[in-house]
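Only the coordinates and a few stated rules stand behind these numbers; no lab work does. Because the structure is predicted, anything quoted here is derived from the model rather than measured. All Cβ positions, glycine included, derive from the backbone under ideal geometry; neighbour counts span all protein chains shown.
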Amino acid sequence: MEEKKKMDPRFQFVTLHQEESEHIAAPQYSYWKSVFRRFFSSKPAILMLIISGLIVVLSILQPMISGYDPLNVPTINDFSTHFLRPSAAHWFGTDNIGRELFDAVWLGTRNSLLISFAAAMITTVLGVIVGAFWGYSRKMDTVMLEVYNIVANIPFVLIVMVLVYVLGSGIPQLIFALSCTSWLGTAYFIRVQVMIIRDREYNLASRCLGTPTSKIILHNVLPYLISVIVTMISRDVPSFISYEVFLSYLGVGVGQTDQTLGKMIQEYSQYMQSAGYLFWIPVAISALISVSLYIVGQTMADASDPKTHMQ
Amino acid sequence: MKQYILGRVIRSVLSVMAVVSIVILMVYLMIPQSKVFKNDSILIKLAGKPDEIAVYKNTKLEDLGYLDFVQQQDLCRLSEDYDRCMEAGSAASQELKAEYEKKGYVFEEFTNGLLYATRSYLPHELVLNFFANFIQIDSPNQVIDDDNPDLERKIYIEKDYNGVPAIQCSGCNYQYLVYFDSSFPFIHQNWITLNFGISYPTYSGLDTWDVISSGQGELDTREVVYETGQTGTTAMNLHACQYKPSATIDHLDQNKFNSNYANCANNYKSPSMINMSYIIGGLGLLLAYLISIPAGIYMARKKDQWPDKLGTVYINFMIAVPSLAFIFFARQIGYALGLPDKFPQYGFTDLRSYVMPVIVLALLSTASLMIWTRRYMVDQSNSDYVKFAKAKGLSQKEIFNRHILRNAIIPIVQGIPSSIILCISGSVITESVFSIPGMGKMLPDAIKANNISMVITLTFIFTALSVFALLIGDLLITKIDPRIKLSSKGGSR
């Protein structure tokens, strides 16, 4: 053999590099880098991200600076400050007792965002955890399906309203009422997805090798579900904002002392004809939040699906 | 299949009962009793009369099903010597007091020294009481009237005042058990009634079921001939007469009626809350299907072209914008076009009142209908039979209308019964914004007014409707698509 190699002059030996041979000859791929590259390739999404970011930052910082308190109304008897139209001095105008609408709007936005984000987070975390185990365990499936069948049959509005009625109105109560049963829907959805992935060959192999269920769920199944989960969050947050607005409008949402967008819309709807800006500004802001968060979420969901990364 | 349906029905009934029980427990145990009287004006009138306040409050709470209320006169009826027992602090009353305290009653004294006692129902009693009194079947032994010992007790078939045969009863609560008339659904019955409790504080004293199911607005008067032959104009519905105790019968009643059945419900000009919701919800639903199914089909046909993209933008817009904002916006546009922004402005007789609510309701439900129609169509268009149809040389239009649509429509059909039945509840926001006197507006109103019976009633109705609508939907798809067999699925949807 040695002689043969020496005999052929067209070949020559290369020195062996131990380190280089370890690298796999594939293009560099980082999941999160690809997600962000994909996300930032969409111009409307960037615009909406800026808008929603701006709204979130304003709603956190503005109430801190203004120290606005809806119950502290020094101008209540000063009629010259009532119903001032939006101007340079009063950006969004003033309301029926002289409160700055600009300050009120951002406090309301903060609370509305707090409610919807908290509810969406509880729904998602609880739903994903329960759903993942639900899809995996057949014993749990029989019990949970019955529970789900009962709960899913009741109109959601009814559940939320009855819960808010029973618990009393307030921000924590509203968050609880919104997330109390909605996580079951998320869990059911995740269960179906998990059941699809559960019996694929690589999971069977993993189980044969003795991987514990919790590890299979965390490492084999959940990464597949990221885009599904992001889609759900992007749908949940605007819908919870919508629910908050609508419940507070009906007067069964937050209490008298809490300021939210829905509460403001309810309070100012009587001035729709006489001082329309009072009503339409909160409506416009709630619509703007929902639309921008929804589009950001949808684009993010598309981007987080690894199947789109290679295109 | 029959076994499956039976199982589903039993499960549905059980789940409705479970939900209602949970709501009963939550409402009775978690809402403070003080809240019940928050808006009661009678209490203000009674201010300064502690005895009357105690009697009024406890009687109301007893009516609402919170507790059992007994006064000394109730206790002393059990005693041998009523008059001596009725003295304040008498020995007999003390004995009875000790006996009742063992049963869990809490005694208090009126200012004159007489006793009264209350016992709050235990959680399981609250639920059992509701279901025990829930279904009322009328029978000839129902009426107890000491002043009328000669009352006949029988059920018979006889012609009613219109000359149409009807099943009538003497001794029942209602005179007419089953009867026919000209209003939908033409055959009516009073035999089996559901008892949901009494509405309070709004619509005080009425049955909650009557509140939502009987007409509203002005009385609808017409010429009638009474049983005695007397004629007159009245709004009474002579088919819905209940027994009136002899002690309260006056000569006016005697002129009109031969029997004691003189306590009649009235006819009203405007439809009831349920019907109101149905009219608006049904029209809205019809419009929604008319818009969204063709739109969804068109989007699927033009997939990835501009109609599809435009449709997707519309769907995303409808999902993202808060429904309240959308409704107000649409209402404002309607107002600019000269349509009323409140339903009562022109009332239920004017067509203009219906235009905007129906359009708003329809548009609100188009988004999800369009998504699903498009989704099912797109999914189906990748199947083998579509490729085969293409290979046969069928046109795109034929393939879509004859082949894909018939398969894609199945899951959409499944949803139709629930949407029809649920339009009763689905329009909570729309009805509130347009001030439509329907069922949807009732729930938030009942909650704001602390009307607990009404909350329980509406919960029951909405839950029962949605559970059975799902069942009907499932049965409907097996009729449309014989390949679908429900029983093999093991009951899970």
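Stokes-Einstein diffusion of the range A:160-311 at 10 °C, 1.306 mPa s viscosity, Kirkwood radius from Cα pairs, rounded to a whole number: 87 µm²/s. Counting only Cα atoms, the size of chain A along its three principal axes is 109, 52, 28 Å, in decreasing order.
For peptide B:440-447, the mean count of partner chain Cβ atoms within 10 Å of a residue's Cβ comes to 4.
Against the main long axis of the alpha-carbon atoms of chain A, helix A:171-198 sits at an angle near 20°. May I ask for the net charge around B:F110, where only other residues with Cβ less than 14 Å from the Cβ of B:F110 are counted and Lys, Arg are +1 while Asp, Glu are -1? Value of the local net charge: -3. Taking every lysine pair in the range B:28-126 that is 8 or more places apart or spans two chains, those with Cα atoms closer than 20 Å amount to 10.
Rounded to the nearest 500, the helix-only mean residue ellipticity at 222 nm of chain B stands at -16500 deg cm²/dmol, with each DSSP H run of n ≥ 4 adding -39,500 (n - 2.57). Other protein chain C-beta atoms within 10 Å of residue C-beta, averaged over A:239-250: 5. Listed by chain and number, the aspartates and glutamates whose alpha-carbon sits under 12 Å from that of B:K479, ignoring those within fewer than 8 places in the same chain, form an empty set. Within the shell defined by Cβ-Cβ distances under 15 Å, the residues around B:I480 carry a net charge of +2, with Lys and Arg each +1 and Asp and Glu each -1. Scoring A:148-159, A:196-207 by mean Cβ neighbours within 10 Å over their residues and listing the highest first yields A:148-159, A:196-207.
Compute the long axis of helix A:101-136 from its Cα atoms, compare it with the longest principal axis of the Cα atoms of chain A, and write down the angle in degrees, 0 to 90, nearest 10. Once rounded, one gets 40 degrees.
Packing, taken as the mean count of other beta carbons within 10 Å per residue, orders the peptides A:168-175, A:38-45 from highest to lowest as A:168-175, A:38-45.
Just to check, using Stokes-Einstein with a Kirkwood Rh over alpha carbon pairs, what's the diffusion coefficient of the range B:273-440 at 4 °C and 1.567 mPa s in µm²/s? Walk me through the numbers before you get to the answer.
Numbers: Rh = 17.3 Å.
Taking Rh from Cα pairs, D becomes 75 µm²/s.
Translational diffusion of chain B, estimated by Stokes-Einstein from the Kirkwood radius over alpha carbon pairs at 37 °C in a medium of 0.692 mPa s, is 120 µm² per second.
Each of B:L29, B:L476 has some number of other Cβ atoms within 10 Å of its Cβ, and from fewest to most they run B:L29, B:L476. For the protein assembly as shown, the convex hull drawn through the C-alpha positions has a volume of 295 cubic angstrom per residue.
Given that compact globular proteins tend to follow 2.2 N^0.38 Å, what is the ratio of the alpha-carbon Rg of the range A:61-188 to that value? Present the calculation step by step, with values, prior to reporting the outcome.
On the way: Rg = 21.4 Å, N = 128, 2.2 N^0.38 = 13.9 Å.
Taking the Cα Rg and dividing by 2.2 N^0.38 Å, one obtains 1.54.
In summary, the lysines within cross-link reach of B:K302, defined as a Cα separation below 18 angstrom excluding same-chain residues under 8 places away, comprise B:K387, B:K390, B:K397.
Quick one: Kirkwood hydrodynamic radius for the range B:28-126, alpha-carbon pairs, angstrom, one decimal?
Values: mean 1/r = 0.0684 Å⁻¹.
Over the range B:28-126, the inverse of the mean reciprocal pair distance is 14.6 Å.
Put in line by how crowded their Cβ is, counting other Cβ atoms within 10 Å and starting with the fewest, B:M299, B:M17, A:M161 read B:M17, A:M161, B:M299. Overall size of the range A:214-289 from C-alpha positions, given as principal axis extents largest first: 61, 24, 15 Å. Sorting B:D81, B:D220 by the number of Cβ atoms found within 10 Å of their own Cβ, with the fewest placed first, yields B:D81, B:D220. Annotation: the range B:93-141 has a Kirkwood hydrodynamic radius of 13.5 angstrom, from the mean reciprocal C-alpha pair distance.
Helix by helix, which DSSP H runs in chain B go 15 Å or more along their axis at the Cα atoms and have an average Kyte-Doolittle hydropathy of -0.5 or more?
Span-like helices here: B:2-30, B:273-301, B:306-320, B:323-336, B:352-380, B:405-426, B:452-480.
Remark: mean inter-chain Cβ contacts per residue of B:427-433 equal 3, using a 10 Å Cβ-Cβ cutoff to other protein chain atoms.
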